[in-house]
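So the structure is just underneath, and the comments pick up after that.
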Amino acid sequence: MSEAEKNRGGGEKQSSAQNFDKRERFVYQDDDVIEKPFNWKQVARLFTYMKPYRKQLLPLVIAMMVLGTLTRLAIPAIVMLAIDEAIQPVSGEPDKGKLFMYAGLMLGLYIIQWAANTFRIRFTNIIGQKVIYDLRHALFRHIQKLSFRFFDKRPAGSVLVRITNDVNALQDLFTNGVVNLMMDCVQLVGIVIILLAWNFKLGLAVMITVPLMFVVSSALRKRIRFAWQDVRMKQSRINSHLNECIQGIKVTQAYVQEKDNIRFFHHMNTINNKAWNKASALNQTFGPIIELTAAVGTFILFWYGSVLIQQQELTIGLLVGFANYIGNFWEPINRLGQMYSQLLIAMASSERIFEFMDEKPTVGELPNARKLPPIRGDVTFDSIVFEYEKDRPALKGISLDVKAGQSIALVGHTGSGKSTIINLLCRFYDPVQGRVLVDGQDIRDVTIESLRSQVGIVLQDTFIFSGTIRDNIRFGRLDATDEEVEEAAKAVRAHDFIMSLPDGYDTEVQERGNVLSMGQRQLLSFARALLADPRILILDEATASIDTETELRIQEALKTLLQGRTSFIIAHRLSTIRHADTIVVLDHGRIVEQGNHDELMAHRGVYYGLIEAQYRFLSA
Ligand SMILES: Nc1ncnc2c1ncn2[C@@H]1O[C@H](COP(=O)(O)OP(=O)(O)OP(=O)(O)O)[C@@H](O)[C@H]1O
């Protein structure tokens, strides 16, 4: 077996690769299959992105395009004149002077054509790049605003593909495609007019094959379009899978599942490859159809042309001119065929881009949303019902009143709805029924920014961005000074470990902070939250990754952090929430108990059971 084969998954490749089709290990939604008819409205929508450049660069491009096309159309006419008037005049002797004049004219036209094309390509590249930049920017800006529900449904890889591959697929269209399309159309119309004007019968005869070619090629179009859509979908799945594999590489290696992953990737790669080959093969059928049509057209030209010359209805110069124009005629038709494929690829991509662009945030702002003024921190959950998926309620009538400055601990079995309560308070989702009030105001009536900027959240899986430690803490409040950043770090006892890093606060941490321990990342997120100084603070399993010793050290810091703020603390380690003002016990989306530690212990209910179970577990 060759090394390449081994890498692709070994000898059992065929049969096992096919089996993967039936396996459920990696399931990617076919949200990417969009089957809409070819849509000119969408083309028009795509071209609205050219609007900003309509006045600046577009006139230049059009001027260059017209100049280039006119010179191109003029050259065969000059050849015809040179033959009929200078080389072999119908009457009289050959004329050298005229021949030089026509040769000079042709040279001049070629130079003009070259200059016009050079500038046109330069300007179109500039416009194309600007349009792609704008489109990518608009898509990114839009995706940033989309709600959690959108991301729940889509793997990160498929979102990435739309911003990268799909936008790139439009690049060719905007840089050369559109202008070439216009030039080719103008050139074709020009040639048809000239040929019919020169000799109507011959003109008609050589173009007789064109309608036939259109009938055959249009039958192919639909198939080509779907084939390219299929390619994009398969690529999107590969990207989703890649993203997942790279993110989960540690788990894969820990469970020694690399071979399985490689085989699955091989399977996906193979079907992508097949889809691409199919689309590409269909694409290439355009070329031979055009070549065949061109060959028949040329045969008709010389056969019928020589008949007309014999009948003295045509001169040799005209025949050569015709031959030149016919050469120039098939070339744009061939390009239009390719252009059509390019347009199809671009259509498939633009459909996918616009599908995202048309996605509305499920958590939206009312048109008259007010800015939430600086809050005290009272929070009320009023008869909240919520479901992530239809008819599967995650919260079933939650009512809870929290006074400003109180600390609330949310406890309960896994999946009981603790994080969901927090998600609703941050307005990552909206309840199906009921209201969440902050300082007596329904949070749906205020702007999202004014709400979230007053709510701080520290998650167990803290996200560290690539950049310095200082930048990461400053993420809490971008205008904080270096001193404020350091003060926040000192308050949460992060300063010492930061100073032990090679460049202290200026140490670069890689994306996701892989060079830091979980506990260190956690401390950074505490500093980040402290710097943001929110009135409401949420700690979702925030101390789970901190060892008991560090935890003891930061308990004091946490006291400072929580002081004067309304806080919601979710912790499985129940020792950490013992001092909360109110402990809320959840079970299957309902509040089943509520009170302080002593009250709930005396009650000997669910909370008591949880404490007992944890105590037994720790002492076992
Ligand atoms: N994005 C989601 N899409 C669909 N269902 C979800 C989603 N997030 C949570 N759920 C479901 O909602 C229910 C409550 O989940 P939630 O995350 O609030 O539980 P939790 O009490 O915080 O659990 P844990 O202690 O394990 O973090 C669970 O049944 C869970 O499967």
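The values are calculated or read from the model by the stated rules, or taken from the named source; none is laboratory data. The structure presented is a predicted model; accordingly, all values stated were derived computationally and were not measured. As a convention, Cβ positions derive from the backbone with ideal geometry for all residues, glycine included, and neighbour counts pool all protein chains shown.
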Assess whether residue 174 counts as being of a type in the set (Phe, Trp, Tyr), under 29 Å from residue 330 (Cα atoms) and within 27 Å of the chain's Cα centre (by Cα).
yes
What tally of residues in the stretch 575-616 results from selecting those that are hydrophobic (A, V, I, L, M, F, W, C) and closer than 29 Å to residue 439 by Cα?
9
Residue 420 outside any loop (DSSP other than H, G, I, E, B), within 16 Å of the ligand (Cβ to nearest atom) and polar (S, T, N, Q)
yes
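Counting only residues that are closer than 19 Å to residue 399 by Cβ and more than 15 Å from the ligand (Cβ to nearest atom), which one in the stretch 578-592 is surrounded by the fewest Cβ atoms within 10 Å (Cβ to Cβ)?
Result: 581.
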Scan the stretch 478-529 residue by residue and report those that are under 29 Å from residue 247 (Cα atoms), buried (at least 17 other Cβ atoms within 10 Å of the Cβ) and touching a residue at least 40 places away in the same chain (Cβ under 8 Å).
509, 513, 516, 521, 522, 524, 525, 526, 527, 528, 529
From 394, 346, grab the single residue that is outside any strand (DSSP E or B) and either within 16 Å of the ligand (Cβ to nearest atom) or in contact (Cβ under 8 Å) with a residue 12 or more places away in the chain (or both).
346
Conditions first: (1) modelled with pLDDT under 90; (2) away from the ligand (no atom under 16 Å from the Cβ); (3) under 30 Å from residue 486 (Cα atoms). Residue 462 passes all but one, so which condition is the exception?
(2)
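Please verify whether the stretch 450-457 includes one or more residues that are away from the ligand (no atom under 16 Å from the Cβ), hydroxyl-bearing (Ser, Thr, Tyr) and part of a helix (DSSP H, G or I).
Among the residues of the stretch 450-457, at least one is away from the ligand (no atom under 16 Å from the Cβ), hydroxyl-bearing (Ser, Thr, Tyr) and part of a helix (DSSP H, G or I), which makes the answer yes.
Among the residues of the stretch 372-391, what is the count of those that are closer than 14 Å to residue 588 by Cβ and either of a type in the set (Val, Ile, Thr) or more than 9 Å from the ligand (Cβ to nearest atom) (or both)?
Total meeting the criteria: 1.
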Do we have residue 94 as more than 51 Å from the chain's Cα centre (by Cα), surrounded by 15 or more Cβ atoms within 10 Å (Cβ to Cβ) and not in a helix (DSSP H, G or I) here?
no
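Quick check: anything in the stretch 318-336 part of a loop (DSSP other than H, G, I, E, B) and surrounded by 13 or more Cβ atoms within 10 Å (Cβ to Cβ)?
no
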Within the stretch 150-168, restricting to residues that are within 16 Å of the ligand (Cβ to nearest atom) and buried (at least 16 other Cβ atoms within 10 Å of the Cβ), the one that is nearest to the chain's Cα centre (by Cα) is 159
Under the condition of being assigned to a helix (DSSP H, G or I) and hydroxyl-bearing (Ser, Thr, Tyr), which residue from the stretch 299-317 is surrounded by the fewest Cβ atoms within 10 Å (Cβ to Cβ)?
306
For the stretch 559-575, indicate whether the set of residues that are within 27 Å of residue 393 (Cβ to Cβ), surrounded by fewer than 20 Cβ atoms within 10 Å (Cβ to Cβ) and either within 16 Å of the ligand (Cβ to nearest atom) or at pLDDT 90 or above (or both) is non-empty.
yes
